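The values are calculated or read from the model by the stated rules, or taken from the named source; none is laboratory data. Because the structure is a prediction, the values reported are computed rather than measured. Cβ placement follows ideal geometry from the backbone for every residue including glycine, while neighbour counts extend to all protein chains displayed.
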Amino acid sequence: MFVAQVMAERELEVWDCLAAVSDPELDEPITDMNFVESVAVSDDLRVRVEFRLPTYWCSPNFAFLMAFGIRSEVLALPWVRGIEVHLMDHCLGDEVNKGVNSGRPFHEIFAENCDGAVLKEVVDKFLAKAFDRRQEVILLGLEAQGRAVDEIVGMRLGTLKRVRFTGEDELRQLPRYLDILATCDLASADEDLAFPTWQGQAIAADDLKDHLGRLRSTRINMEFSGALCRELAQSRYKEVEIGPEGPTLVDFMAGRVPPREITETGR
């Protein structure tokens, strides 16, 4: 019983660390997007993580970045002795699985399978979008508190950390915003500006409205993509109730029946 409890706790630890892996295009944790199919921990403390994406043809850039993220986060757990990442139901699943589990440098594997793309450049592109989305939430939260424009653009990191937010979105995004500021060397000391641009520049008071407009455009694009991904995933993987006569032609056309039903029903 004790051993089973320990193994269950270790599986939960893995799930917790997978929440730190985000879909690079959407800046949403893969656990929230229901991309993670299963987690298993063996007796020799090796971990297997299976995940799947909304469509068979999802961008290989995204697939590799998420697979690399899964491997990196899980291996950071001190008790993990090895990991196998398995991407399911994807057109480049074999390439992703072979690459991420090979132990070779990620940038080499990424370039080979993503048309020569430079890993750092792709990561930076998506980090910039994530930064915009998180910053907008906090800026709008401060505006909603009635704070003056000059106060907002001139706010220091130490002051931001002491601000009390009550909105669900602000409470969720504040630690993520602080994390990306530090990770990307944009702000870490209490005296640093809390709201630099992605290029590290200060935002002028007269420019805040236009700056927020640009951030809004980024968010709308990401939210649209996120909604589309969720709908595609739901349509692809959802469980459906088939009537006593079996699946109809409409069920197959709408993608509501997995391919195995064709064999099982003889159609």
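Give the residue, chosen from Ala205, Ala189, that is surrounded by 14 or more Cβ atoms within 10 Å (Cβ to Cβ), in the same structural domain as Leu142 (by TED's automatic domain parsing), at pLDDT 80 or above and touching a Gly at 6+ places or on another chain (Cβ under 9 Å).
Details: Ala189 fails: surrounded by 14 or more Cβ atoms within 10 Å (Cβ to Cβ).
Step by step, each of Ala205, Ala189 is checked, and only Ala205 is surrounded by 14 or more Cβ atoms within 10 Å (Cβ to Cβ), in the same structural domain as Leu142 (by TED's automatic domain parsing), at pLDDT 80 or above and touching a Gly at 6+ places or on another chain (Cβ under 9 Å).
Residue-by-condition table, conditions (1) of a type outside the set (A, V, I, L, M); (2) surrounded by 14 or more Cβ atoms within 10 Å (Cβ to Cβ); (3) over 20 Å from Leu26 (Cα atoms):
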residue: Gly69; (1), (2), (3): yes, yes, no
residue: Ser72; (1), (2), (3): yes, yes, no
residue: Leu77; (1), (2), (3): no, yes, yes
residue: Ile83; (1), (2), (3): no, yes, yes
residue: His86; (1), (2), (3): yes, yes, yes
residue: His90; (1), (2), (3): yes, yes, no
residue: Lys98; (1), (2), (3): yes, no, yes
residue: Ser102; (1), (2), (3): yes, no, yes
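Of the numbered conditions (1) outside any helix (DSSP H, G or I); (2) crowded, with 20+ Cβ neighbours inside 10 Å, Leu65 satisfies every one except a single condition; which is it?
(1)
Looking at the structure I just gave you, is Ala40 hydrophobic (A, V, I, L, M, F, W, C), more than 9 Å from the chain's Cα centre (by Cα), surrounded by 13 or more Cβ atoms within 10 Å (Cβ to Cβ) and not in a loop (DSSP other than H, G, I, E, B)?
Taking the combined requirement at face value, the residue satisfies it.
Tell me the residue from Glu264, Glu239 that is over 27 Å from Val123 (Cβ atoms) and either at pLDDT 90 or above or not in a helix (DSSP H, G or I) (or both), please.
Criteria check complete, one pass: Glu239.
Only one residue in Asp115, Asp124, Asp94, Asp89 is closer than 17 Å to Phe51 by Cβ and without any contact (Cβ under 8 Å) to a residue 12 or more places away in the chain, so which one is that? First the steps, then the outcome.
Details: Asp115 fails: closer than 17 Å to Phe51 by Cβ; Asp124 fails: closer than 17 Å to Phe51 by Cβ; Asp89 fails: without any contact (Cβ under 8 Å) to a residue 12 or more places away in the chain.
From the options Asp115, Asp124, Asp94, Asp89, the qualifying one is Asp94.
Any chance segment 49-61 includes a residue that's modelled with pLDDT under 95 and in a strand (DSSP E or B)?
Taking segment 49-61 and keeping what is modelled with pLDDT under 95, we get 52-61.
Of the ones still in play, those that are also in a strand (DSSP E or B) are 52.
Yes, there is a match, as at least one residue in segment 49-61 is modelled with pLDDT under 95 and in a strand (DSSP E or B).
Identify, from the list Ile203, Ile180, the residue that is among the β-branched types (Val, Ile, Thr) and more than 27 Å from the chain's Cα centre (by Cα).
None of the others qualify; the one that does is Ile203.
Does segment 74-90 contain any residue that is closer than 19 Å to Val122 by Cα and of a type in the set (A, V, I, L, M)? Even if it seems obvious, please write down each step before you answer.
Start the filter on segment 74-90 by keeping residues that are closer than 19 Å to Val122 by Cα, which leaves none.
No, because not a single residue in segment 74-90 is closer than 19 Å to Val122 by Cα and of a type in the set (A, V, I, L, M).
So which residues in segment 146-162 are free of Cβ contacts under 8 Å to residues at least 12 places away in the same chain and over 20 Å from Leu186 (Cα atoms)?
Matches in segment 146-162: Gly146, Arg147, Ala148.
Looking at Thr159, Thr183, which one is surrounded by fewer than 15 Cβ atoms within 10 Å (Cβ to Cβ) and more than 25 Å from Asp23 (Cβ to Cβ)?
Values: Thr183 fails: more than 25 Å from Asp23 (Cβ to Cβ).
The conditions single out Thr159.
For segment 102-221, give me every one of the helices (runs of 4 or more DSSP H) that falls completely inside it and has 1 or more residues that are touching a Pro at 6+ places or on another chain (Cβ under 9 Å).
In segment 102-221, the matching helices (runs of 4 or more DSSP H) lie at 106-113, 119-144, 168-183.
Could you look through segment 163-180, keep only residues that are of a type in the set (A, V, I, L, M, F, W, C) and free of Cβ contacts under 8 Å to residues at least 40 places away in the same chain, and pick out the one that is surrounded by the fewest Cβ atoms within 10 Å (Cβ to Cβ)?
By that ranking, first place goes to Leu171.
Applying the selection to segment 43-59, what residues are buried (at least 20 other Cβ atoms within 10 Å of the Cβ) and either in contact with a helix residue (DSSP H, G or I) (Cβ under 8 Å, 6 or more places away or on another chain) or of a type in the set (Phe, Trp, Tyr) (or both)?
Val47, Val49, Phe51, Arg52, Leu53, Pro54
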